[in-house]
Amino acid sequence: MKDFNNITDPKRPKGDMGEIDISAPDKILCNKLAVVAMIFSLVSIFGLDLAGVVGAVLGIVAFGQINSSKEKGLIFAILAIVIGIVCGFGIVPFTISLGF
């Protein structure tokens, strides 16, 4: 009986070039708190002002964590802070109440 494990395809390049590594990464790609802060801040756009305040506070905490650990997700933390302040602390609701 033939051993089919040793048969090579002449059209396929030799080495590991044809194999794909789909294993999970060893470390976290993005700071989870920054993502949660961004979600809370985005919810505040739709009128839930308290979510914006929570998102801004979580964004500040995530910003500190990212600076000390050099994780990714800094843009999420910054956007969560900005959106949370603008929508959560009443700047947007105040301008809407004035009629702008």
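We did not get these values from a lab; they are worked out from the coordinates using the rules stated. Just so it is clear, the model here is predicted, and its values are computed rather than measured. Here the Cβ positions follow ideal geometry from the backbone for every residue, glycine too, while neighbour counts run over all protein chains shown.
Given the peptides 61-68, 77-84, arrange them by the average over their residues of other C-beta atoms within 10 Å, most packed first.
Highest-to-lowest ranking by the protection proxy: 77-84, 61-68.
Can you give the FRET efficiency to the nearest 0.05 for Val61 and Phe89, using r as the Cβ-Cβ distance and R₀ = 25 Å?
Calculated value: 0.90.
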